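Worksheet: the structure to be examined is printed underneath.
What follows draws every value from the coordinates through simple rules; no lab data is involved. Being a predicted model, the structure only gives us computed values, none of them experimental. Methodologically, a virtual Cβ is constructed for each residue, glycine included, from the backbone with ideal geometry; neighbour enumeration extends over all protein chains shown.
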Amino acid sequence: MQIAPSVPRRSPRPSRAGLFALTLLVAACSDDAPERRRALGENPSFGDAMQVADAERGGRLFRSCAACHTIGMGAGDRNGPGLYGVMGKPVAGNSRRFAYTGALRSLGGVWTPDRMDRWLAAPAKTAPGTSMTFRGVADPLDRADIIAFLQAQSVVGAGAAASPPRP
Ligand code: HEC
């Protein structure tokens, strides 16, 4: 036996137009960081985080660096040195004009992804006395995304993006 509902029930499904708007909204702010974070688990290794790094999101996160750093080719220094093409360069060597501290210079070597990860996690701990007064990026996935972005912002990265390898 069926009892007619006293209140007319609303359709449980959103209208077509509503669905379409929702799809647009999701596409506009697509950020799969929560999913990637879940897939990586509690304490992801740096290698694992880099495997799923998203340079585009890294570009958005770079806004927190942009107060002090430019990223464009030949864009020069601000409070901090210009960062175009910094990956693979000698530490404290990306800008010819910038007055680096002895603290950073004394690290030596070049910017490997691994070293960049440690630097961005805790600048003051990595190079005590550095003038980069930035508390660091705590989240491993955020750091991986930023590093992927830095890698892409170079002659090598730009070239790779312009002509993807063909199968
Ligand atoms: C408050 C300003 C400030 C912010 C914010 C900042 N930095 Fe820096 N950064 C500096 C300064 C100043 C130096 C030079 C440090 C030194 O000489 O000790 C530096 C140095 C660096 C270097 C070394 C460059 C080289 O030539 O070796 C890298 C890489 C770097 N920053 C990346 C970043 C990234 C990525 C972010 C954002 C996640 C960031 N910084 C945020 C001021 C800042």
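In table form, for the structure just shown:
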quantity: Length added when fully stretched, R115-A67, from 0.36 nm per residue minus Cα-Cα; calculated: 15.1 nm
quantity: Under 18 Å from the T133 label point (7 Å along Cα→beta-carbon), backbone N, the stretch 91-127; calculated: 99-104, 122-127
quantity: Highest-first arrangement of 37-45, 53-61, where packing means the average Cβ count within 10 Å; calculated: 53-61, 37-45
